[in-house]
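Notes to accompany the following structure.
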There are 2 protein chains.
Amino acid sequence: MRIALDAMGGDHAPSEIVKGAIEASPHIQGEILLVGETSAIKSSFHGNFPPNVRLIHASQSIDMHEAPVEALRRKKDSSLVVAANLVRDGEADAMISAGNTGAATAAATMYWKCLPGISRPAIATIFPSKTGRFVFLDSGATVDADAQNMVEFAIMGAAYAQTVLGIANPRVGLLNIGEEETKGNALTKQSYRLFREHIDNFIGNVEGKDMWKGAADVVVCEAFVGNVVLKSSEGLGELIFSAIKDELSANTLSKIGAMLFLRAPFREIKKKTDYDEYGGAPLLGVNGLCVICHGRSNAKAIRNAILVVKREYQEHINDIIEKKAGIAHGGKGDVA
Amino acid sequence: MRIALDAMGGDHAPSEIVKGAIEASPHIQGEILLVGETSAIKSSFHGNFPPNVRLIHASQSIDMHEAPVEALRRKKDSSLVVAANLVRDGEADAMISAGNTGAATAAATMYWKCLPGISRPAIATIFPSKTGRFVFLDSGATVDADAQNMVEFAIMGAAYAQTVLGIANPRVGLLNIGEEETKGNALTKQSYRLFREHIDNFIGNVEGKDMWKGAADVVVCEAFVGNVVLKSSEGLGELIFSAIKDELSANTLSKIGAMLFLRAPFREIKKKTDYDEYGGAPLLGVNGLCVICHGRSNAKAIRNAILVVKREYQEHINDIIEKKAGIAHGGKGDVA
């Protein structure tokens, strides 16, 4: 397989991106295409590039805070646009970027289009739970989705849980403010009815509290809710860990105790909650493989993202999504 | 002032509710009316009731999982309905319940009606942040709110921050998925425009991540989003603390270290994140004072809820809400 990697996207680009590519390269049969300002890429790495890491020049790059669609239109030779076009033209199978999330989503959606049977894409986040991991989507791609979109998100999330997380028959839940079928807003009530009809192993409504206990393998919600939950969870986690740190530092005895006894346990917890471990967020539903990494991604996160698209590719995730979406649409294989 | 306390609501009713009332009674000039099955209330407490704690009999009680509106209709002599009617009839100024949240919200809204200028109520949650506390609303009262409701929520949240938290000129933020004015869904875009026009000290959009850093004193959102964030934050907090506990217990040395050095710091953190400390969630916008406590409330939570309604009463929170809502509605003092 060939993976187009946006070497210029992210807070630590290009050095950490390049490092991640090199670390992942022994695991990839095929090529990693490092897309960006070749002189910057070369000077960020001292040594020889592995034979399956190839540099593709792009003279521009899109900043984190640029308006996505406008940036794509203005910067035709940006690393992101060049990477997306490699996938569109069949020169690559997957794209990975730690840059502007909105721009990456827009590029994949506009240049690749959605898969047959899928009308809108979704960004999935992989969250840790008490019992393992779960796929949480849409965490930011399609604002103001309708119930039909939600059905497609459920299919996409289940395909990801199955192929990448290796869960044979994933339990799909609908994020809601109560467990009863009658709870929620207009969107969740309508989605509930469609899920019951079209989604394999639909376990009903799941509350925000229970998802952390491992109540479902796939949790489906609308993008506004999903993005707020994603960012608010990230912020709350940071608040709790910083509060612990502050309390421990306030007292010399606790500080010494923490240094002696708590380093290893905290390293384990950090590992479980660390987004670097999960290799970024897959953008699902588009006609190509795409993983969007956190802006703060380090080499490990990039390496893991590469391993995720490898798995998606090997397990034919998009064929599964297309087939399931076709069945949900009454075998027509396309949205009515 | 007179406070009607639902003695039968909550997991630890009536004993913890009664205990909370007795602990708060020296701080209340006026009466606490303990509403419920008087025999159960009496047998839950061994001793004499303080002179300003009076028992009001109600033969029924509403369970946690009963459908709210139906329960209110069927159980006219339930502790909740009797308590709500005391406020409606001017026999009490405030109602507190740790029972069925939906039923308490419905009772206050149906029997008391909304304040002039307010069309729908909101439940506010008081969250801890890096720098203090903030008011988060609506966390569950009004599903599918419109932008006009959101303006009223902002007014109500600011009045609470001012009167109960003692913040002179509270910074009001709109919960959104980006900081720019153009970000979000149809509701937040329209709300943004109205907030800019009508809300004092509106600081713009606030992301889920930044609210934990103390970005605003009041964070406004729609009830579905708010309730999901509330429950998901509660669940995530529990997950993190249980993960820490598991990791510490897995290793004898860490376990001993934790017992020796970490008890005090963890007690401090627990205190900061503990809902018992905040005295429940005020239901704002109704024509009376109402605080809804967590089902798991203990005596301390009930005591603190009583002190919260005392503060609301002394500071005339509803007069402030009514006045500000009147101004926002162009001085008409009622919704157009």
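The values are calculated or read from the model by the stated rules, or taken from the named source; none is laboratory data. Because the structure is predicted, anything quoted here is derived from the model rather than measured. Positions of Cβ are backbone-derived with ideal geometry, glycine not excepted, and every protein chain shown enters the neighbour counts.
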message: If I ask for residues that are in contact with a Gly (Cβ under 8 Å, 6 or more places away or on another chain) and among the small types (G, A, S), which ones from the range B:1-22 would you list?
response: B:A7, B:G9, B:G10, B:A13
statement: Over the range B:284-305, the set of residues surrounded by fewer than 24 Cβ atoms within 10 Å (Cβ to Cβ) and part of a helix (DSSP H, G or I) is B:A299, B:K300, B:R303, B:N304
message: Let me confirm something: among B:V335, B:V308, which residue is modelled with pLDDT under 75 and either within 16 Å of the chain's Cα centre (by Cα) or assigned to a loop (DSSP other than H, G, I, E, B) (or both)?
response: B:V335
- prompt: Across the range A:201-259, what is the number of residues that are of a type in the set (K, R) and farther than 20 Å from B:I244 by Cα?
  reply: 1
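Given the criteria touching an Asp or Glu at 6+ places or on another chain (Cβ under 7 Å) and either surrounded by fewer than 21 Cβ atoms within 10 Å (Cβ to Cβ) or away from chain B (no Cβ under 12 Å) (or both), does A:K209 qualify?
Details: touching an Asp or Glu at 6+ places or on another chain (Cβ under 7 Å): yes; either surrounded by fewer than 21 Cβ atoms within 10 Å (Cβ to Cβ) or away from chain B (no Cβ under 12 Å) (or both): yes.
Taking the combined requirement at face value, the residue satisfies it.
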- request: Check the range A:174-196 and report whether any residue there is surrounded by fewer than 24 Cβ atoms within 10 Å (Cβ to Cβ), over 24 Å from A:R120 (Cβ atoms) and more than 10 Å from every other protein chain (Cβ to nearest Cβ).
  value: yes
query: So which strands (runs of 3 or more DSSP E) stay within the range A:45-159 end to end and still have 1 or more residues that are in the same structural domain as A:V220 (by TED's automatic domain parsing) and modelled with pLDDT under 95?
result: A:122-128, A:133-137
- line: Picking from A:I56, A:I123, the residue that is among the β-branched types (V, I, T), in contact (Cβ under 8 Å) with a residue 40 or more places away in the chain and within 20 Å of A:E152 (Cβ to Cβ) would be A:I123
message: Is it the case, given these coordinates, that A:L253 is over 27 Å from B:W212 (Cβ atoms), within 7 Å of chain B (Cβ to nearest Cβ) and in a helix (DSSP H, G or I)?
response: yes
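Could you list all residues from the range B:8-58 that are at positive phi and surrounded by fewer than 17 Cβ atoms within 10 Å (Cβ to Cβ)? Walk me through how you get there before you give the answer.
Here is the first cut: in the range B:8-58, the ones at positive phi are B:10, B:30, B:36, B:47.
Across the range B:8-58, the qualifying residues are B:G30, B:G47.
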task: Kindly list the number of the only condition in (1) on the phi > 0 side of the Ramachandran plot; (2) surrounded by 20 or more Cβ atoms within 10 Å (Cβ to Cβ); (3) over 17 Å from the mean Cα position of the chain (by Cα) that fails for B:K113.
output: (2)
query: Which members of the range A:107-150 meet the condition of being among the β-branched types (V, I, T) and either closer than 17 Å to A:V286 by Cβ or touching a strand residue (DSSP E or B) at 6+ places or on another chain (Cβ under 6 Å) (or both)?
result: A:T109, A:I118, A:I123, A:T125, A:I126, A:V135, A:T142, A:V143
task: Scan the range B:311-326 for residues that are out of contact with any strand residue (DSSP E or B) (no Cβ under 9 Å at 6 or more places or on another chain), in a helix (DSSP H, G or I) and not small (G, A, S) and jot them down.
output: B:R311, B:Q314, B:D319, B:I320, B:E322, B:K323, B:K324
query: How many of the residues in the range B:86-110 are farther than 22 Å from B:Q314 by Cβ and crowded, with 20+ Cβ neighbours inside 10 Å?
result: 11
query: So, in the range A:212-231, of the ones that are at the interface with chain B (Cβ under 7 Å from one of its Cβ atoms) and buried (at least 24 other Cβ atoms within 10 Å of the Cβ), which residue ends up nearest to A:P282 (Cα to Cα)?
result: A:N227
